[in-house]
Structure formats: structure tokens, C-alpha cells
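**Student:** Dumping the structure here so I can ask a few things about it.
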Amino acid sequence: MDGEWEGIAADLWKRIAADLNIPYEFIEMPGDQQALVRSLLDKKVDVVVTGMGINIELLKKLAFSYPFLSSGLGVAYRSSPISSLQAVFRFMLNPEFATVVCGMTFLTLIAGFFVWIFERKKNPHFGGSFIHGIGNAFWWAAVTMTTIGYGDKVPKTVGGRTVAMIWMFVGVVLLSFFTAWITAGVALEKVSLDIVKAKDLSQIRIAAVKNSMGSSYLRKRQIRAILFDTLNGALEALKEKKVDAVLSELEQLRYVIQKEFGGELEVSEKTFLRIDYAFAFRPGEEILQLVDTWMISHLNELKIYENHERY
């Protein structure tokens with residue numbers, strides 16, 4: 001802000017440098033991770049402060065300080081607030097909804113059929129023609145499952161009542177499951193986030209930043225990604241509906257969206273990969289031990305997470 005460097009990592013480094021009397025100068029570098037690594041190894045910079053995420057590939061090249069923040073990869077998606085009624089209709093148009101309803105209807109028919117088998121000759125409610133008997137048996141099974149139970153049709157045989165007893169317990173479980181499932185499904189539609197599992201990323205237009213942890217994650221899982229030079233560019237494409245979602249580091253996503261895309265884009269609470277943030281140094285640097293000792297000594301008193309919420 002106004003030329004002043006700020007942020008979780010920058011604020012922490014300022015305090016460390018002040019306590020350890022380390023002279024420093026912030027230098028702006030490209031956000032590309034490979035460019036940062038090259039600059040560090042070529043001795044153009046002495047430390048990468050911007051909270052680089054630790055991974056196996058980087059550990060082979062660089063030395064990292066004690067981690068000061070844990071986060072992960074997250075997904076950004078377009079905000080599309082809808083009413084409860086719209087959410088219900090969208091959920092009912094889902095093929096999964098039709099599958100579940102058909103399954104419950106089939107089980108109801110099975111229960112009605114077995115009651116009809118036992119009752120058709122001894123109970124006039126289920127007797128008569130096949131259509132009449134089966135129709136009444138299905139009606140009985142449906143109202144029993146929904147716990148309405150009008151009582152207009154009641155099994156009289158031992159076999160029929162045994163089936164009725166079993167069906168009452170099964171029906172209560174099925175109805176509870178169905179109610180909970182619909183509630184959760186409608187809530188998910190209202191949030192408008194369809195990406196709830198990592199495998200779903202392969203079924204949408206997913207964007208990531210070139211040479212980032214997000215693009216690396218997708219490449220390892222052979223998921224085709226639309227790559228952008230910057231996170232802002234990827235989020236702008238998401239806003240314009242050129243992509244369906246953006247996979248990137250959660251902290252970066254939240255910060256940029258809060259600053260530039262508030263109300264238009266949102267970030268999922270689900271994380272796809274844990275990321276520990278730390279300062280990066282060249283291997284063998286003496287300053288690394290000093291920084292680690294300071295951090296271990298002061299980590300409990302640091303207000304990193306309060307800072308995290310502020311940013």
C-alpha cells in the first residue's frame with residue numbers, strides 16, 4: 001500500500017530482520033515460481049520471502065525455514081446466488097435425483113407386492129383383480145413409508161403383518177435418508193459449487209497459473225488445465241465464463257478475490273493439497289539457522305493467524 005510492502009510473510013520478515021539486525025531490501029520479482037528459484041540460485045536475491053510453498057521438487061534445490069503457515073490448494077468459482085425455490089428445481093432436474101426416486105419407488109413396489117401375495121385371498125382390500133390388488137398394496141406401502149398411514153388398508157395375515165413390520169422400519173430409514181439427502185443437495189445447489197471431489201476437476205474447464213503448484217497438481221493427475229500467466233488473468237477468465245473454476249493456492253485466491261473480485265467470485269472451503277509456507281534460501285546459508293532459531297523461539301507469541309484473517 002503506497003509503496004509499502006505488506007502481507008503475512010512480509011510483516012514476519014520485517015520483525016525477524018529487526019530482531020536479528022539483518023539489513024535487507026525488498027525486490028519485486030515475477031510471480032512465476034521457476035523465476036523465483038532461478039533468481040535465488042543465481043544469487044540475484046538472498047531469500048524468497050513471499051511465502052513459497054514447500055514441495056519435494058523444491059526441497060531438492062532449496063533450503064526452507066521453519067514453516068510459518070499451513071494452507072492448501074483451493075478452487076475459485078463464480079458466485080451465482082439463487083433462491084431456495086430455484087435451488088429445489090435445479091436439484092430435482094439432477095439425474096441423480098431421478099435415480100434415487102426410481103429406486104425408492106421400486107422398493108415400495110416390492111413391499112406392496114409381498115403384502116399382496118399374503119393378503120390377496122384373505123383381505124378384500126387387496127383382493128379382486130390384479131390391478132386393483134396391486135394398486136392398493138402399492139398405496140399402502142407408500143403411505144406406510146411416509147409414516148402417514150391412513151389405516152384404511154391394514155394387513156390381516158401373519159405373513160402380511162410381518163412384511164408390514166419390516167417395511168415400517170425400512171421405510172423410516174429410507175425416508176430419513178431421502179430427507180437428509182435432499183436437504184444437503186439443495187444446500188449445495190444454493191452454494192452453486194459443483195466441484196466437491198478432486199476427480200470432478202477433470203470434467204470441467206479448470207484453469208491454473210503456469211508453473212504453479214496448482215498446474216503441477218493437475219499435471220501429475222493428468223488433468224488438462226487451461227494455463228494463464230497470472231492469477232488475475234485466470235480469475236478474469238473465470239468471471240467472463242471462459243473457464244469453470246480456477247485451482248490455486250488458497251491464500252492467494254482469497255486475497256486477490258477480496259481485493260478485486262468481491263461478490264463476483266468465491267473460494268471453496270475444500271482443499272486439494274496441503275501447503276506449508278516458509279522462507280526459501282540457498283542451501284548452506286548461515287542465515288537460515290538464525291531465522292529458524294528465531295522462529296522456533298517466537299512462533300507461539302507471533303500473531304500470524306490474526307494477521308492471516310486481516311489480510
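The values are calculated or read from the model by the stated rules, or taken from the named source; none is laboratory data. Source: prediction; values computed, not measured. FYI the Cβ positions are ideal-geometry reconstructions off the backbone, even for glycines, and counts take in every protein chain you see. The protein model used for the area step is the full one, side chains on, heavy atoms only, and it has no ligands, DNA or RNA in it. Shrake-Rupley method; radii C 1.70, N 1.55, O 1.52, S 1.80 Å.
**Student:** Near the amide H of F279, under 5 Å away, which other amide H atoms are found, from residues 5 or more places off or on another chain, if H is placed in the peptide plane?
**Tutor:** Amide H to amide H, under 5 Å and 5 or more residues apart or across chains, F279 pairs with S65.
**Student:** Using the Karplus equation 6.51 cos²θ - 1.76 cosθ + 1.60 (θ = phi - 60°), what ³J(HN,Hα) coupling, rounded to whole Hz, does each residue of the range 247-254 give in order, writing x for Gly and Pro?
**Tutor:** 9, 7, 5, 4, 4, 5, 4, 4
**Student:** Additional query: Provide the FRET efficiency to the nearest 0.05 for the E285-A184 pair, computing r from the beta carbons and using R0 = 51 Å.
**Tutor:** The pair E285/A184 has a calculated efficiency of 0.50.
**Student:** Could you go through the range 129-142 in sequence order and give the Karplus-derived ³J(HN,Hα) for each residue, using 6.51 cos²θ - 1.76 cosθ + 1.60 with θ = phi - 60°, rounded to whole Hz, and x for Gly and Pro?
**Tutor:** 3J(HN,Hα) across the range 129-142, in whole Hz: 5, 4, 4, 5, x, 5, x, 5, 5, 5, 4, 4, 5, 5.
**Student:** Ranked highest first by the average count of other Cβ atoms within 10 Å around their residues, in what order do 247-255, 59-67 fall?
**Tutor:** The most tightly packed comes first, giving 247-255, 59-67.
**Student:** Further question on the same structure: Describe numerically, in nm with one decimal, the distance between label points set 7 Å from Cα along Cα→Cβ at A98 and at H298.
**Tutor:** 6.3 nm
**Student:** Same structure, new question: Among the listed pairs K14/K241; K60/K270; K61/K242; K60/K241; K220/K242; K239/K270, give every one whose C-alpha distance is greater than 32 Å.
**Tutor:** Listed pairs above 32 Å: K14/K241; K61/K242; K60/K241.
**Student:** Separate question: Could you go through the range 36-45 in sequence order and give the Karplus-derived ³J(HN,Hα) for each residue, using 6.51 cos²θ - 1.76 cosθ + 1.60 with θ = phi - 60°, rounded to whole Hz, and x for Gly and Pro?
**Tutor:** Calculated HN-Hα couplings, in order: 5, 5, 4, 4, 5, 5, 7, 6, 6, 9 Hz.
**Student:** Quote the FRET efficiency, to the nearest 0.05, computed for Q222 versus L175 with a Förster distance R0 of 41 Å and r equal to the Cβ-Cβ distance.
**Tutor:** Between Q222 and L175 the formula returns 0.45.
**Student:** I would also like to ask the following. With a Förster radius of 35 Å, plug the Cβ-Cβ distance of N21 and S70 into 1/(1 + (r/R0)^6) and report the FRET value to the nearest 0.05.
**Tutor:** Computed FRET efficiency for N21 and S70: 0.75.
**Student:** Could I ask something else about it? Once Rh is set to the Kirkwood radius over Cα pairs, what Stokes-Einstein translational diffusion coefficient, in µm²/s, holds for the range 99-161 at a temperature of 25 °C and a viscosity of 0.890 mPa s?
**Tutor:** 212 µm²/s
**Student:** Pop out the carbon and sulfur fraction of the accessible area of the range 89-166 as a percent, whole number, probe 1.4 Å.
**Tutor:** Accessible surface attributable to carbon and sulfur in the range 89-166 totals 73 percent.
**Student:** Between F26 and residues 5 or more places away or on another chain, which pairs have amide H atoms under 5 Å apart, with H built 1.01 Å from N, and which residues are they?
**Tutor:** none
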